[in-house]
Amino acid sequence: MFEDLWNGILQLTSKFVIPDWGSVIAMLPVLVFAGAIVIIVILFLNIWRHPKPRVGKVKVEPIPPAGVHMPGPSWAPPLAALGAFMLFLGLVFGGPLLIVGAIGLTVTLLYWLAESVRIYDHDLGSTVPALPDVEHTGPPPGVHMPGPSFLPFLAALGAALLFLGLVFGGWILAAGVIALILTLAGWMGAARAEYDKTVEADSTGHLENIPNPRTPKLLLSGLAIMLVAAFVIQIGWIPPASGEEASPGPSGAPVEPGGPGEPGTSPVAGATPTVHAKDVQFVDQTFQAPANKEFELDFVNEDAGIPHNIEIKDGGGNVIFKGDIVTGVKTATYKVPALQPGQYPYLCTVHPTMTGTATVQ
C-alpha cells in the first residue's frame, strides 16, 4: 500500500519536474484567454459596485499642471497584446499562422513606436527650452575621437542573422555565419586603420581621424540578397521539389508511386512502418507494427523549418516511447521497444493536435 502511495506521489511530482512542454505551450493561448475573461469580469464587478454618481454636479475635466504632459487614450497597448496573442497562436499551430503572428506583432509594435515618437516630439517642443547651437571644431590636439561608424549596427545585424540561423538551421544558419564574419571583418579593418593612424601620430605628433565612413549600401544589399536566397532555398522553392516521378528501385527498375514508404499507403509485410508529417499534421494517421519485439519506425518530416516528433502512449495515457524532435525537411529512424498487441495512440509533442493510432499485431 505504501509503495503504491509513494509511486503515486512520484508520478504527480514528475508532472511538475519534467512537464510536457508541448502541452504547456499549447495551453498558453487558453490561459491568456482565461486571464482576459477574469480581468473583464473583475472590471465589470467593480463598475457594478461603484457608487452612483451625484446627480446635479457638473463634471470637472482634469487639467494637468503646466509643464506636465499627459498622453491621451491609445489603441497601441491592446493592439500589441493582440499581436502577441497571434504570435503565441502561431507557435502552437505553426505553418503560415506563425508567419502571420510574427508579422502582426511586428506591425503593432511599430505602430506603438511611431505613436510614442509622435508624442515625444510634441512634448519635446513645448517643455524643453531651446539650446544655443554649438559648432564643434574637432577634438583638442592629442585627443583621438573616432568618427561615426555603421560597424556596431552591422555587427549586431550579423549576430541577429546568426541567431536566426540557430533557430531555423540549414541555409539560414549558413547565411548568418557568413553575415557575422563579413561584419566582424569590416569592423576589424576599421580598427586596424585607426591603429595605423595612432602609430603614425608617434612620428607626426598629431593624431588624425580616419575619414567618415560612407553608407555601406553594397554590404547591406548583399546581406539582404543572401538572407532572401537562404530563405527561398530553405523552404524548398529553389530548386523546385520533384513531382510524382518514378524513382529507380534496387534492381534499377523504376518504382511506381504508392510503393512502400509512400504516405497514405498500406505497409507491405516485413517493411519498416513509416509516418509522414506535412502541413502540421500526420499524413499517415495509422501504421502497423509487429508485436512483442523491437521495431524501427521511419519518421519523415516534410515541413521545412518546423519541428515535429512522435510520442506513443498506452491506453492509460502513459508515455511508452518518445522520439527525438526532428526539424524538417528531414527523415529520422526511431527504435521503438517491444509492445504488446493492441491499439496505441501517438502524437507530436510540439503540436499536440497532430494525432494518430498505431496497430500492433
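What is the sum of charges around G95, taking Lys and Arg as +1, Asp and Glu as -1, for the other residues whose C-beta is under 9 Å from the C-beta of G95? Walk me through the numbers before you get to the answer.
On the way: positive: none; negative: D279, D303.
That works out to -2.
Fully extended, how many nm does the chain gain between H50 and A84 (0.36 nm per residue separation, minus their Cα-Cα distance)?
Values: separation 34, 0.36 × 34 = 12.24 nm, distance 3.23 nm.
Extending this stretch completely gives an extra 9.0 nm.
With a point put 7 Å past each Cα toward its Cβ, work out how far K335 is from S74 in nm, to one decimal.
According to this spin-label approximation, the distance is 5.8 nm.
Label E3 and T357 with points 7 Å out from Cα along Cα→Cβ: what is the distance between them in nm?
Taking the two extended label points, one gets 3.5 nm.
What is the gain in length, in nm to one decimal, between R214 and I320 on full extension, counting 0.36 nm per residue of separation less the C-alpha to C-alpha distance?
Values: separation 106, 0.36 × 106 = 38.16 nm, distance 6.14 nm.
Taking R214 through I320 to full extension adds about 32.0 nm, to one decimal.
So how far apart, in nm, are the two label points at I103 and A160 if each is 7 Å from Cα heading toward Cβ?
In this crude spin-label approximation the distance works out to 1.9 nm.
If you count only protein heavy atoms with a 1.4 Å probe, what accessible area per residue comes out for the range 295-337, rounded to a whole Å²? Could you put the intermediate results ahead of the total?
Values: 1900 Å² over 43 residues.
Heavy-atom SASA per residue in the range 295-337 reads 44 Å².
Give, in nm to one decimal, the length gained when the segment between D121 and R192 is fully stretched (0.36 nm per residue of separation minus the Cα-Cα distance). Kindly include the intermediate steps, with their values, before the conclusion.
Numbers: separation 71, 0.36 × 71 = 25.56 nm, distance 3.96 nm.
Length gained between D121 and R192: 21.6 nm.
The values are calculated or read from the model by the stated rules, or taken from the named source; none is laboratory data. Since the structure is predicted, the reported quantities are computational estimates derived from the model, not experimental observations. Don't worry about glycine lacking a Cβ; one is built from the backbone with ideal geometry, like all the others, and counts go over all protein chains shown. Heads up: the accessible areas ignore ligands, DNA and RNA and are worked out on the full protein's heavy atoms, side chains in. Shrake-Rupley method; radii C 1.70, N 1.55, O 1.52, S 1.80 Å.
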